[in-house]
Structures are given as C-alpha cells and as structure tokens.
Amino acid sequence: MLTPADIGVAQAGSLLGQTSPLVKLGLALAWLIGLLFTLDPGPPAILALAAILAGLTLGGIPPSRLAQAFAPLSAVALGVGLANLLFSASNADPAATELARVGPLRLTTEAALIAGGLAARVFAIVSVGAVFAQTTDPARLVDALVQQGRAPARFAYGALAAYQALPRLADDLATIRQARRIRGLRGGWHPRLFVSLLVRAIRHADQLALAMDARAFGSGPRSTFRPISWGWRDLAVGAGGLAVLGAALLR
Amino acid sequence: MTTTAAGPAGASPAATDPTRWRTRDILVTAIIGVAFGVAFVGLNAAWSILAPASAAAPLVAFLLYGGWLVPAVLAPLIVRKPGAALYAELVAAGVSALLLSPWGPDVLLSGFVQGAAAELVFAFTLYRRWSMPVVAVAAVASAAAAWLHDWVVWYPDLAMDVQIARGIAMAFSAVVIAGFGSAALARSLRRAGVLEGFPD
C-alpha cells in the first residue's frame, strides 16, 4: 500500500505509456469537466467503457491490475449514489413520481435516475484515473510537467524527490512500529505513529535538500537527462480522446 | 523582492529574501504533501466505509473531511512561504491520484481548490500572521472551496438544507482536524526538534 505501483514494461512501452503524460492529464480533466454537463447515466457509462478498453488494449494494463482500482470504487459509487438518492431535492417535490417510501423518506423516480447517473459518473472518473495512474511513470510525468508544461523545475523535481522517498518512509514506519512493540506498547495503529513518521519524513527531507543543494539543485539552467518531445502519439491520443468525449456527450 | 543577490539555493536564511523558497522549504513542504497523500489512502478507505452508511447516520462521513485539508494548513504553518498551501495540497492530491484514489483525476481538482482557498487566506495576511484564528479561517476557507467543488461534481441534486448541513459538518471538521490538528502537529514536530531553522 505504501509503495508506489510500479509501471510495468508493457505499460511503459504501450501507446498510452509513450504518450506525453500532459496529454493524458489534459484528457482526464477534459473528460471530468465534460461529465459535469450531464446527469444522464449514458455518457459516463460510455466513457468508462472507453477508458477501460483503451487501458487494456492501448495501455497494455493486465486486467488483474486494472481490477484492483475498482475495489474501493464500488463503495464510493454506492456512497455518492445513495446520498443523492436519499437527500435529493426532487424527493420533496410533490409533482415527482413516488418510487418507494422508507420510513420518513420519500424516494422518487427522478432522484433515482439522477443518483444512478452520478454513480456512473464516479465509475467513469475512476476508470480514467486508473488508466492514467497505471500507464504513467511519475518521473516521466514530472519531466513532462517541466519540459512541456513549463512547471517551475525546482518545485516539480522537489516533489518527485519527496515522492521517491516513499519506500523509505515505509521502512521507517516498520521500524517505528517495532520500536513501539519493544517498549511494550500495543502493536496496532496509534496517532503517535503518524507524528513519529512525520518527524522521520522531515529529517529525510532535510537530508535530501542538503544533498540536492550540494549538487547545485535549481541554481541555473540545466541540461535535461530525459528529454521529452511532442510526437504523433500525443496528437493521436489527444484527438481520439476528445472525439470519444464528444461522441459520448452528443450521442 | 529585495535586491540582495540570492546565493545558491539553500544559503543561510537570513541572507536571502524571506519569500524565496530554500531547497529545504521545498523538500519539507513536498514531503508533508507526500506523507498526507499516503495517509489519504487510509482516509479514502474510511470514507468508503462510512459514506454508504449515510443512509443510517446522515453526514457522519463528512466529519472526516478535515483530514483531507491538513496539508494545506500544516505546510504553510511550518515553512511560512507564499504558495506552500497550494503546493502541499497539490502534491498530496497527486500522490493520492498515483496511488489510485477512488476519486480518480478529480482529486487533483479538489486538491487545487482546497489548497488555493487556504492560500488566499494566508495571502491576505501577507504571510505574516500565523495565529490560531487565521489558521482556523484558512481551514474553513479550504472546506468551503471543497464544499462548492463537491456540490458541482458529486452532489448536484441534494436538497438545500442537506447541502447546508453538509457544509456545517465540513467546516466543523476543518476547524477541528485541519485547524487545531495542524497546530498540534506543528507543535509536536517543533518539540521533536525537526523544525530548527524554520520560523516559529
């Protein structure tokens, strides 16, 4: 759980893996914003299906890996759907058709339709996010943000350095928990654990900063180790993604 | 901006412009974002359990909401640089997205609005006041932005009284968890001695 999911060779070498992360990020946000304009379950269902198919074929994601992302999703989709069903404004509308009555709550067909559409929206957005996360190498994402997105290099690479410290934080957590057990404290979870972990994390950040300063981090124009340039894949994926969005919305 | 030649990144803090980010400021803010991005995995799981339970106990899940806003308050409270709230919350959101958040890319949008709202409050004080009321207002601003965002994206159809109740639960949670919680965390960290060289 604490270690970042490694992008497999198949995913990294696939069409989606070779596309600029910036294009994928832009598309993910475009699909998200496009979905906000509809409460109908149709378009999100189409987009979810398109994202999953693209992830499996163009992204080379093994189906079992993709399935992992959908475990927490079902609960969230249920939560969002249920909240919109139970507390919908149309439940109070006398003109709405009554579907069922649960205790003091009156559920209407209108509310159920909208709740279904919103649960589908969760499904679509998560599918897009899963495909993005499983075809995008974090280092490549940051390279693209800096080289193609003109993000400030010190902040972007600082974040990457901190992100790559994650496995080390996982080790620290194991050590801290062992230390607690040796002192006779309970082995489970305790808020103090998080404070101890933050202490270790900040120490680690200090050491990283020192090491990076010693190598003149951010002190002037640098050459790039992994140059990224726009290519035909970016155009193809970008145009294809927008076409699917358009087709789903204007169907 | 002062005209002092900013030495190599990370030169002694006294010699440089106080708004300039040292490498240490960047790394500490980023690692707070990363640590909370990971903590969000647990928070997302708790939410996934509590949210469907809203049928029995409405809006209880929203009392967790402040947990998502902590980086936007804690990081600026420690490094006290312009942009720290936005940077920390965006890093946390990005890590959360890479670790397969159940909200997909929307977590980036959430992180942006939450961080930006807290940032605005700190900017209004010109990054000079760090008292508890300012921290609490920043936490509430962040919750308000999240409330509006969630209204549009996830709960467009709720009855108005439910929207307001949701907002109150979120504001309460933000003050307790993100406001007082961040202040307590910053105090613990300072006592542990890891914040030497940061303003207090």
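Structure notes:
- Neighbourhood net charge (14 Å Cβ-Cβ; Lys/Arg +1, Asp/Glu -1) for residue A:19: 0
- Contact order relative to length of chain B, as percent, for alpha carbon pairs under 8 angstrom and 6 or more apart: 24 percent
- When the charge dipole of chain B is built from unit charges on Cβ atoms (+1 for Lys and Arg, -1 for Asp and Glu) and taken about the Cα centre, the candidate among B:42, B:52, B:82 whose Cα reaches farthest toward its positive end is B:82.
- Taking other Cβ atoms within 10 Å as a rough exposure proxy, A:29, B:126, B:100 sort from fewest to most as B:126, A:29, B:100.
- Helices in the protein assembly as shown, meaning DSSP H runs of at least 4 residues, each add -39500 (n - 2.57). Divided by all residues, the mean residue ellipticity at 222 nm is -21500 deg cm²/dmol.
- Cα-based helix-to-principal-axis angle, A:166-182 vs chain A, degrees rounded to 10: 80 degrees
- Cα gyration tensor, chain A - rounded (a/c under 1.5), prolate or oblate: oblate
- Residue order, fewest to most surrounding Cβ atoms within 10 angstrom, among A:190, B:149: A:190, B:149
- Chain A: angle of helix A:153-164 to the longest principal axis, Cα-based, in degrees nearest 10: 90 degrees
- Neighbour-limited loop hits for chymotrypsin sites (Phe, Trp or Tyr not before Pro), region A:107-196 (at most 16 other Cβ within 10 Å; DSSP other than H, G, I, E, B): A:189
- Residues residue A:101 and residue A:222, FRET efficiency given R0 of 41 Å [Cβ-Cβ distance, rounded to 0.05]: 0.05
- Nearest 10 degrees, 0 to 90: helix A:42-57 Cα axis against chain A principal axis: 40 degrees
- Taking packing as the residue-averaged number of other Cβ atoms within 10 angstrom, the listed peptides A:12-23, A:239-250 run from highest to lowest as A:12-23, A:239-250.
- Sites residue A:10 and residue A:183 - FRET efficiency at Förster radius 35 Å, r taken between beta-carbons, to 0.05: 0.15
- Annotation note: trypsin sites (Lys or Arg not before Pro) in region A:92-169 located in DSSP loop regions with a Cβ neighbour count of at most 12 within 10 Å are A:150.
Read-outs throughout are calculated quantities, based only on the coordinates presented, and are distinct from any laboratory measurement. Note that this is a predicted model, so its numbers are computed, not measured. Don't worry about glycine lacking a Cβ; one is built from the backbone with ideal geometry, like all the others, and counts go over all protein chains shown.
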